[in-house]
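Data first, discussion second: the structure below is written as structure tokens.
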Amino acid sequence: MRGALSRTFSWRSVTRSLVVAVVVGTVVNGINQGPEMLAGHWPVIWKLALTYLVPFFVASYGSYAAFRSAR
């Protein structure tokens with residue numbers, strides 16, 4: 001378990017999770033808050049944060065699960 005955690009939080013895995021979070025978060029944010037933002041309204045900050053955090057955590061957990069099962 002310790003090895004899987006250290007590999008999950010390695011620079012390579014975190015970078016991969018960040019890329020996933022940026023791509024997926026941007027698409028989902030565009031779907032959820034796009035019309036309001038195009039109308040000139042500010043996005044809801046907590047929704048904006050969760051839109052990027054959830055894909056990051058899902059990708060990180062996926063890495064952890066893969067590393068743990070590979071032992």
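The values are calculated or read from the model by the stated rules, or taken from the named source; none is laboratory data. Keep in mind that this is a model prediction, so the values were computed, not measured. Cβ: placed from backbone, ideal geometry, glycine included. Neighbour counts: every protein chain shown. These area figures cover heavy atoms from the full protein model, side chains too; ligands, DNA and RNA do not enter into them. Shrake-Rupley method; radii C 1.70, N 1.55, O 1.52, S 1.80 Å.
What whole-number value in Å² describes the accessible area per residue of the chain for a 1.4 Å probe? That works out to 75 Å² for each residue. When the alpha carbon gyration tensor of the chain is reduced to an equivalent ellipsoid, its three semi-axes come out at 32, 9, 9 angstrom, largest first. Using R0 = 22 Å, the C-beta based FRET efficiency linking Phe57 and Glu36 works out to 0.30. What you get for the chain, charging only the Cβ of Lys and Arg (+1) and of Asp and Glu (-1), is a dipole of about 540 debye around the Cα centre. Taking the protein heavy atoms of the chain in the context of the full set of protein chains, the accessible area attributed to carbon and sulfur is 72 percent at 1.4 Å. When the chain is treated as a GNM, springs tying every alpha-carbon pair under 10 Å, which of Val44, Val23, Val54 comes out with the largest mean-square fluctuation? The residue with the greatest mean-square fluctuation here is Val44. Can you give me the angle between helix 11-38 and the longest principal axis of the chain, using Cα atoms only, in degrees from 0 to 90, rounded to the nearest 10? Around 20 degrees separate the two axes. The angle between the Cα long axis of helix 45-69 and the main principal axis of the chain comes to about 20°, on a 0 to 90 degree scale.
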